[in-house]
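The values are calculated or read from the model by the stated rules, or taken from the named source; none is laboratory data. Computed from a predicted structure; not experimentally measured. Counting neighbours? That spans all protein chains shown, and the Cβs are built from the backbone with ideal geometry, glycine included.
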Amino acid sequence: MLMKSGLIAGAAMLALCAGTSGALADDCSGHGHAGGTVLGALLGGAIGSAASHGNAGAVVGGAIVGGLAGNAISRDIDCEDRDRAGRAYHDAFYGEVGERYEWEGRGHGYIVTNREYRRHGHTCRDFTEVVYRHGHEYDRDGTACFRDGEWEIEES
């Protein structure tokens, strides 16, 4: 158990360092997106651990995907809704292409992976995220590629 916790914490720190270098202040705390990154990494590591019965690679991969998703989500989603949105984000990358993964809380939204293809030997997915917050709609298109056992969101 201590090793799993160490892996999750280590992956959370890795995701934090990788995911927050260009972060801007978020609406919830007035600080950078570190909170969303760390929370996403912890949630992703826990999901990876549960799904794989403690496989270290799955724990680290889940934490990194969760951290990246948490950082991206924290830009457009209220603090109270980030856990729900983070689960939908994770499920979209590991679920069926074309499936709409919705979340609801104070705000609501969804993410859908639009297509899957190979680029430079890696599986990639284009996605669309739509968030409804404070009477406004926020759309974001992006691409994530699966490298070394984890999904990485491509910089646009």
Residue list for segment 99-115, restricted to those being over 21 Å from Cys79 (Cα atoms) and assigned to a strand (DSSP E or B): Arg100, Val112, Thr113, Asn114, Arg115
Filtering segment 99-156 down to residues that are polar (S, T, N, Q) and farther than 20 Å from Arg87 by Cα yields Thr123, Ser156
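Taking Glu96, is it assigned to a loop (DSSP other than H, G, I, E, B) and farther than 22 Å from Gly57 by Cβ?
yes
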In segment 130-144, how many residues are over 17 Å from Cys79 (Cα atoms) and in contact (Cβ under 8 Å) with a residue 12 or more places away in the chain? 5
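Quick one: in segment 116-156, of everything that is in a loop (DSSP other than H, G, I, E, B) and out of contact with any strand residue (DSSP E or B) (no Cβ under 6 Å at 6 or more places or on another chain), which residue is surrounded by the most Cβ atoms within 10 Å (Cβ to Cβ)?
Applying the filter and picking the extreme gives Gly149.
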Which of (1) touching a residue at least 40 places away in the same chain (Cβ under 8 Å); (2) loosely packed, with under 15 Cβ neighbours inside 10 Å is the odd one out, the single condition Arg106 does not satisfy? (1)
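Out of curiosity, is Thr113 of a type outside the set (D, E, K, R) and surrounded by 14 or more Cβ atoms within 10 Å (Cβ to Cβ)?
Considered against the rule, which asks whether it is of a type outside the set (D, E, K, R) and surrounded by 14 or more Cβ atoms within 10 Å (Cβ to Cβ), Thr113 comes out as yes.
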Where a residue in segment 110-124 is more than 14 Å from Trp151 (Cα to Cα) and its partner, wherever it lies, is buried (at least 19 other Cβ atoms within 10 Å of the Cβ) and of a type in the set (Gly, Ala, Ser), with Cβ under 6 Å and at least six apart: Ile111/Ala88; Ile111/Ala92
In segment 70-102, residue nearest to Arg147 (Cα to Cα) [restricted to those that are touching a strand residue (DSSP E or B) at 6+ places or on another chain (Cβ under 6 Å) and modelled with pLDDT of 90 or more]: Phe93
